[in-house]
1. Output ³J(HN,Hα) for the stretch 114-119: one whole-Hz value per residue in order, computed from phi by the Karplus curve 6.51 cos²θ - 1.76 cosθ + 1.60 with θ = phi - 60°, and x for Gly and Pro.
2. Set the Förster radius R0 to 51 Å, insert the Cβ-Cβ distance between R53 and V187 as r into 1/(1 + (r/R0)^6), and round the FRET efficiency to 0.05.
3. Label-point separation (nm) for V32 and R206, each offset 7 Å from Cα along Cα-to-Cβ?
4. Which of the peptides 20-30, 318-328 is most tightly packed, and how do the rest follow, going by the mean number of other Cβ atoms within 10 Å of each residue?
5. For a quick protection proxy, order the peptides 68-79, 185-196, 107-118 by their average other-Cβ count within 10 Å, most packed first.
6. Of the listed values (i) 20.1; (ii) 24.6; (iii) 17.6, identify the label whose number matches mean projected area of the Cα convex hull in nm² calculated from this model.
7. Can you give the relative contact order of the stretch 97-233 as a percent, counting alpha carbon pairs under 8 Å and 6+ residues apart?
8. Y98 to A199: FRET efficiency via 1/(1 + (r/R0)^6), r the Cβ-Cβ distance, R0 35 Å, to the nearest 0.05?
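The values are calculated or read from the model by the stated rules, or taken from the named source; none is laboratory data. None of these values were measured; they are calculated from a predicted model. In this analysis, Cβ positions are derived from the backbone assuming ideal geometry, glycine residues included, and neighbour counts consider all displayed protein chains. When the accessible area is computed, the model is the full protein with side chains, heavy atoms only, and any ligands, DNA or RNA have been set aside. Shrake-Rupley method; radii C 1.70, N 1.55, O 1.52, S 1.80 Å.
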Amino acid sequence: IPTENPPGAAYDACVERIVAELDRLGLKRELVATGTREAPRTAILARAGDGDRLLYLHGHYDVVPAFGPEQFEPRIEQGRLAGRGASDMKGGLATIVYAARLAAEQGAHVGLVIVPDEETGGRLGAERLAALGRLDPTAVGAIVAEPTWGTIWHACRGAFTLRVTVRGQPAHVGLHYEGRNAFEMAVQVVLALRALQEALRARRSRLTFASPHPRAAESIMLIGGLATGGTNFNIVPAEFSFTVDRRPNPEEDFDQAKRELLAALEAVRGQGIPVEWELLQDARSALSETDGPLARAIAGAIERVSGSRPSFTCCPGVLEIRVYRALGVPALAFGPGLIDRMHGPDED
């Protein structure tokens, strides 16, 4: 399912397929509306087994946009399924669905949480379920089945994302002096943000990251992930916008990081540049202990099956473990697939 305003029918078809499998396995399930009138979304909650010690298995069924139509034709390559979302996270989703029934047969009490909207921030998925009180804060833990194979993600960065817009005055190129160039003013905003971006590189997390790259632990601010403006090459652009994606490390004060970015934008506005911004994502960082009962149980199970002890690392992005940690529930991410294969044209 592409994530840029996907048609409701595509979401419905995905939900119907998952529900059909849950019904075939005899798992009790419930559909929960988590979207809006403009963006209808549906989450799936299911239970297997019973008892006082509830363990959540969590997955999402939306995926990032495809690179081409061929990605919607699944294929087997060297024994691995390839196609759009195979790694992030159809593989993990299938795993938790079948694992729930097997775990229940062994006496466990498992709650399946299957959500939309993860790839676009989670506001209409996991965050909405928490706001509705549909996630039990007394659960003993939650496992998010992201593609982490070989490591367990016990922490994640936060995400504070803005769309920044500068508005000018259009004019024909021959009469450019009657216009006000929004792009040129946006460049001034970017230069101001670049100073903050450079300062952030010195802030490094003390946590371990799976990547050996020397910059892996830096605090992040990406400028211009999306950028657009203007109407034609011979028209002074009346508007230019770009995104700023701030990703504070788990040890940073998330609220202070937000204030720091907004202060930089306020400063350029104070210089007379007509800049405004829109919030796209506001997700706090999260951190779970690596020596608690949930962490020990997962690491021990992985070692018994694979023969090697997994490492604990920080996810380079944001994770829905944050939703459970905000409720006080221990949460870790572990699932099939490799992070370096996700989101790409050859995902498997």
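1. Couplings: 10, 10, x, 6, 5, 6 Hz.
2. 0.35
3. 3.6
4. Result, highest mean first: 318-328, 20-30.
5. The packing order, highest mean first, is 107-118, 185-196, 68-79.
6. Of the listed options (i) 20.1; (ii) 24.6; (iii) 17.6, (i) comes from this structure.
7. Value for the stretch 97-233: 10 percent.
8. Values: r = 48 Å, r/R0 = 1.36.
The value I calculate is 0.15.
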